[in-house]
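Each value in this text was obtained by applying a stated rule to the coordinates, not by laboratory testing. Note that the structure is predicted; figures quoted are calculated from it, not measured.
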Amino acid sequence: MSVPVVEIYAKKGCGLCKEVKEVIGKVRQEIPFSFKEVDISANEDLFRMYNDHVPVVYINGKKAFKFKVDELEFKKKVRKEIIRAGIMRLWNKNKPSRR
């Protein structure tokens, strides 16, 4: 099964970032997905780009949330990506091969 990739762009000492990570952690206990935290403080370009605009959450490379995460909406978006991956896998499996 292909699991969605959730990334959060955050920085140390950010209260909103902590809240968002708590919501993500809670949902992760229920729904499987890969999680990656990107500390913008560690990269000059990312810090310039995101400085006062964190946290930002991406699901499979698509921006999904900024500043706050609604738990129910987050669950819905992650589940949608799981379903999309399953449909694509089935479609590719049943697609006639071209030779």
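Residue-wise HN-Hα couplings along the range 39-49, as the Karplus relation 6.51 cos²θ - 1.76 cosθ + 1.60 with θ = phi - 60° gives them from phi, are 7, 5, 5, 7, 9, 4, 5, 5, 5, 4, 6 Hz; Gly and Pro carry x.
Would you compute, from DSSP H runs of 4+ residues alone, the mean residue ellipticity of the chain at 222 nm, taking -39500 (n - 2.57) per run and dividing by the full residue count, rounded to the nearest 500? Mind dumping the intermediate values first?
Values: 3 runs with 45 residues, N = 99.
Result for the chain: -15000 deg cm²/dmol, rounded to the nearest 500.
Our coupling estimate for the range 52-68, obtained by passing each phi through the Karplus curve with A = 6.51, B = -1.76, C = 1.60 and θ = phi - 60°, is 9, 10, 10, x, 10, 10, 10, 10, 6, x, 9, 4, 10, 8, 9, 6, 9 Hz, Gly and Pro reported as x. Using a/c under 1.5 as the rounded threshold, could you call the chain rounded, prolate or oblate? The axes a ≥ b ≥ c are square roots of the C-alpha gyration tensor eigenvalues, and prolate needs a/b larger than b/c, oblate otherwise. Taking the square roots of the gyration eigenvalues as a ≥ b ≥ c, the chain is prolate.
Kindly express, to the nearest 10 degrees and within the range 0 to 90, the angle between helix 15-28's C-alpha long axis and the longest C-alpha principal axis of the chain. Helix 15-28 and the main axis of the chain meet at about 30 degrees. Take the alpha carbon atoms of the range 10-31, find their center, do the same for the range 53-92, and report the distance between the two centers in whole angstrom. That distance is 15 Å.
Per-residue Karplus couplings for the range 88-93, computed as 6.51 cos²θ - 1.76 cosθ + 1.60 with θ equal to phi - 60°, are listed in order as 5, 5, 5, 4, 5, 5 Hz, Gly and Pro entered as x.
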